[in-house]
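Contents: one structure, followed by commentary.
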Amino acid sequence: MASRKLLLLPGDGIGPEIATEAQKLITVLNEATEGGFEIESGLVGGAAYDDCGEAISDTTMELAQASDAVLFGSVGGPRWDGVPYEKRPEAGLLRLRKEMGLFANLRPAICYPALADASSLKRHIIEGLDILILRELTGGVYFGEPKEIVDLGNGQKRAVDTQVYETYEIERIARAAFELARTRRGKVTSMEKRNVMKTGVFWNEVVSRVHREEFSDLTLEHELADAGGMKLVREPKQFDVIVTDNLFGDMLSDIAAMLTGSLGMLPSASLGKPDDASGRRKALYEPVHGSAPDIAGQGIANPIAMIASLAMCLRYSFAMTREAEALEAAIADTLNDGIRTGDIMAEGCRKVGTSEMGDAVAERFRT
Ligand code: GGG
């Protein structure tokens, strides 16, 4: 079997530290699976800017387009605060998403049983939580034009971001949400702000029509995104799949992360449209968290979101369901054995660093 081509883009801050741990798991996979994975690496974000003056080079973009999947760490940090807006580290990630057509961002928020004891972590953790936030990723206010800061010439400036959604963009993310819900508990909750935004009215209309015409056997509910956020904290288990726009999806998934114990636990998959002929789809996998510059270089970051993103990669890009489940089980076993990084440390557990956590998961994955 031909080898599977992965492009590894570690990025900035803790990105390279957690990417190293994902590589350990790929090494274990290569020992065990036929064909194996071929890894190429590239620069993105501030690291790429320092190297070539852009947040991602054209050469790295070509590698990404040619790969079977991209494994991405994290980008950004105060070091690049003064960099022009178009070249800031996050621009590399946005270019990858846009040019690869990665419109569907799957952000599962699952609470591992070992972390469910809220009293030891002293956080609002929801035992048995298993929800999927589906964030639209290539449209909305992140990309709409105009996007500018205008000098009004009277000592005042005006900053403009534009929220734009077209029919096809909402239709395809709605279809993705219903198709995912069909494999789960059959319920989709759509969140927008139809009470104050035209795009919210339109989003609601299109999602409702897709439901009525193509998925009427499934349940659809609508929430205003602010009330939905409140319900997500108050009674999260009422949700199954939440579908929402680019900005609300970014915020709501960080909120959901805290119900699982830590932002360091949340993986994500960003998927494009399957190719009509080959069925192959472009894909990028990354932890939901950012570059955490406050702890970068200390070897204490939690690599689980990155390792769980690799599990999503096995499932969605390579149909390696058995291996994906085994990797998720290795994460669960590691946590059950009381091995914890600082962000999920609890009484009676053993505190480890990034590398030891990666080793512990690799050891359990190998057996
Ligand atoms: N691994 C995710 C990451 O590096 N995020 C940095 C960031 O700010 N991303 C913007 C976004 O996800 O929309």
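The values are calculated or read from the model by the stated rules, or taken from the named source; none is laboratory data. The structure displayed is predicted, hence computed values, not measured ones. Every residue, glycine among them, receives a Cβ derived from its backbone with ideal geometry; neighbour counts consider all protein chains shown.
The requirement of being of a type in the set (A, V, I, L, M), part of a loop (DSSP other than H, G, I, E, B) and within 13 Å of the ligand (Cβ to nearest atom) is not satisfied by Leu43. Within the stretch 54-77, the set of residues being more than 16 Å from the ligand (Cβ to nearest atom) and touching a strand residue (DSSP E or B) at 6+ places or on another chain (Cβ under 8 Å) comprises Leu63, Ala66, Ser67, Asp68. When restricted to residues that are outside any helix (DSSP H, G or I) and either β-branched (Val, Ile, Thr) or within 19 Å of the chain's Cα centre (by Cα) (or both), the stretch 320-356 contains 3.
Before we move on, is Arg209 basic (Lys, Arg) and modelled with pLDDT of 95 or more? When the stated conditions are applied, Arg209 passes them.
Is one or more of the residues making up the stretch 275-284 within 21 Å of Ala47 (Cα to Cα), in the same structural domain as Gly36 (by TED's automatic domain parsing) and not polar (S, T, N, Q)? The answer is yes, given that some residue of the stretch 275-284 is within 21 Å of Ala47 (Cα to Cα), in the same structural domain as Gly36 (by TED's automatic domain parsing) and not polar (S, T, N, Q).
None of Ala332, Ala362, Ala308, Ala324 is among the aliphatic types (A, V, I, L, M), free of Cβ contacts under 8 Å to residues at least 60 places away in the same chain and more than 16 Å from the ligand (Cβ to nearest atom) except Ala324. The strands (runs of 3 or more DSSP E) found entirely in the stretch 59-167 that carry 2 or more residues being at pLDDT 95 or above and crowded, with 22+ Cβ neighbours inside 10 Å are 69-74, 104-110, 130-136. Within the stretch 257-288, the set of residues being assigned to a loop (DSSP other than H, G, I, E, B), more than 21 Å from Met100 (Cα to Cα) and either within 12 Å of the ligand (Cβ to nearest atom) or among the acidic types (Asp, Glu) (or both) comprises just one member, Leu266. Can you work out which of the residues in the stretch 253-263 that are of a type outside the set (Val, Ile, Thr) and buried (at least 23 other Cβ atoms within 10 Å of the Cβ) is modelled with the lowest pLDDT? The qualifying residue modelled with the lowest pLDDT is Gly261. Do we find that Gly36 is on the phi > 0 side of the Ramachandran plot and surrounded by fewer than 24 Cβ atoms within 10 Å (Cβ to Cβ) in this structure? Here the answer is yes, as Gly36 does meet what is asked.
Let's see how each residue does on (1) out of contact with any Leu (no Cβ under 8 Å at 6 or more places or on another chain); (2) within 19 Å of Leu9 (Cα to Cα):
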{"residue": "Gly299", "(1), (2)": "yes, yes"}
{"residue": "Ile307", "(1), (2)": "no, yes"}
{"residue": "Leu314", "(1), (2)": "no, yes"}
{"residue": "Met320", "(1), (2)": "no, no"}
{"residue": "Leu327", "(1), (2)": "no, no"}
{"residue": "Ala330", "(1), (2)": "yes, no"}
{"residue": "Asn336", "(1), (2)": "yes, no"}
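Out of all the residues in the stretch 78-106, which are near the ligand (Cβ under 10 Å from one of its atoms) and either under 19 Å from Ser309 (Cα atoms) or in contact (Cβ under 8 Å) with a residue 40 or more places away in the chain (or both)? Residues satisfying the conditions are Pro89, Glu90, Gly92, Leu93, Leu94, Arg97, Asn105.
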